[in-house]
1. So if R0 is 56 Å, what FRET efficiency would B:Leu70 and A:Ala149 give, r being the distance between their Cβ atoms, rounded to the nearest 0.05?
2. If you take every residue apart from A:Val195 with its C-beta less than 12 Å away from the C-beta of A:Val195, what net charge results, scoring Lys and Arg +1 and Asp and Glu -1?
3. In nm, what is the difference between 0.36 nm times the number of residues separating B:Thr209 and B:Lys36 and their Cα-Cα distance?
4. Kindly give Rg over Rh for segment A:36-183, based on alpha-carbon atoms, with the Kirkwood expression for the hydrodynamic radius.
5. Could you list which residues have their amide H under 5 Å from that of B:Tyr143, counting only those 5 or more apart in sequence or on another chain, with H placed in the peptide plane?
6. Hey, if you put +1 on the Cβ of every Lys and Arg and -1 on every Asp and Glu Cβ in segment A:36-183, which of A:Gly55, A:Ala70, A:Ile166 ends up farthest toward the positive end of that dipole?
7. Sort all Cα-Cα distances of the protein assembly as shown into consecutive 20 angstrom bins from zero, then give the percent of pairs in each bin up to the one containing the longest distance.
8. Whole Å is fine, so just give me how far the alpha carbon centre of segment B:14-88 lies from that of segment A:69-147.
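Derivation of every value follows stated rules applied to the coordinates shown; laboratory data play no part. Fair warning: this is a prediction, and the values are worked out from it, not measured in the lab. Cβ placement follows ideal geometry from the backbone for every residue including glycine, while neighbour counts extend to all protein chains displayed.
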Amino acid sequence: MAYGETPSQTVGPYFAYGLTAGQYAYDFTDIADPTIAGPDAAGEHIRIIGTVFDGDGNPVNDAMIEIWQADADGNYNENPIDVSETGFRGLGRCGTGTDAKLRFWFDTVKPGVVKDAEAPFVNVTVFMRGMLVHAFTRFYFDDEAERNAKDPVLQSVPADRRDTLIAKRVDTPTGIEYRIDIHMQGDAETVFFDV
Amino acid sequence: MSTFKPRDWGSHAPYIAPGYKSTLLRGPTQAPLAIKSGLTEGTGPRFAPASVRELDFDLTKNGVVNGEPLGERIVVHGRVMDTDGRPQPNTLVEIWQANAAGRYVHKVDQHDAPLDPNFRGSGRCFTDDQGNYKFYTIKPGAYPWGNHFNAWRPNHIHISLFGPGFATRLVTQMYFPGDPLLDLDPIFLGTEDAQARERLIAKFSIDKTEEGFALGYQFDIVLRGRNGTPMEN
């Protein structure tokens, strides 16, 4: 190893006009937003929604969540991001400071199963003031119990913590929601991965 | 596609760094679970060059309303590479910072220092095929924060990069050489390894300084390297 890694530093409280300008209504463009898949994208359209809680159980209002996921066929879109053709970009980014209940949300399609996994999931990166290093996790889906039971990564998680990674399906009048909260600490502390 | 070497935790801060108080309730308390790097971690978003507009790399111009922004013009050059020294081309670099007075455009920032109507403080650029990037900006000011009595953040620029895969994602801060606040800053000091911390400080460069226009700094960024054996794709 010829060079040492550049240390990670916190995004701090003021990232919004740089990283999530559209969502927060700043006069700047952004390269990702809460829409991972537009209406034309193939697959089952879903919303992933939840709250980030700190160690006191208070919702965090200045976290930024990113999702990187496969499309409905289980393929990652590595081409330069251009939603105009398929309506699917694979990357989403959402700050927790604009929703009245301080939630993050992503409008997307349910991913297919990627080649080296057994169950569908999305990859999640968590950033916030108070985190000097971002944390990686995954969201799985509760209506995939059979496939979840075979997924090597999910099964490598101690059984009593596995639930922290599983989003719960709720059929609402406006569409399918998968609900999952991120707990930074406490009894329900989310499982984070060293990837 | 290949997989990436494990993150070198010795180069990074712990999740709970008691000097930086916000970490106490926000950092995970359980060690992250190691998983085998695979297809997922080796892939990542790519961005079309068109997603960076003409003035996005020039923060001295991209927020102009009716004049020049106030403060010291600087130009930052850098190379994005991995731990084996391999350049990382076509990587998106996002930037945001305070203005020369130490005030952010962000609505939450209540510091009693003036906004600059001609400076927004956010931008982005791409690395070229040799991994090099460059942006122009105004040197950001120091500002107070509530971590402890008389706490001041050193001058810094926030930088966010994706790199070649999901696993190489990095958000960091670039500091300036000789800043007396560095040794007092719990965010900078959160990285316990002194040598690693040095990598957060840009180098002044008279060679990159533009005659009569802007002081030059060099800030190289090192991302995780790849494993030797390419994964079957």
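1. Details: r = 61 Å, r/R0 = 1.09.
Computed FRET efficiency for B:Leu70 and A:Ala149 comes out at 0.35.
2. Values: positive: A:Arg138, B:Lys5, B:Arg7, B:Lys36, B:Arg169, B:Arg224; negative: A:Asp194, B:Glu41.
So the surrounding residues net to +4.
3. Values: separation 173, 0.36 × 173 = 62.28 nm, distance 4.47 nm.
Gain on extension, B:Thr209 to B:Lys36, equals 57.8 nm.
4. Result: Rg/Rh = 0.95.
5. Long-range HN contacts for B:Tyr143: B:Arg153.
6. Final value for the positive-end residue is A:Gly55.
7. The distribution over the protein assembly as shown is 27, 60, 13, 0, given as percents.
8. Measuring centre to centre over Cα atoms gives 19 Å.
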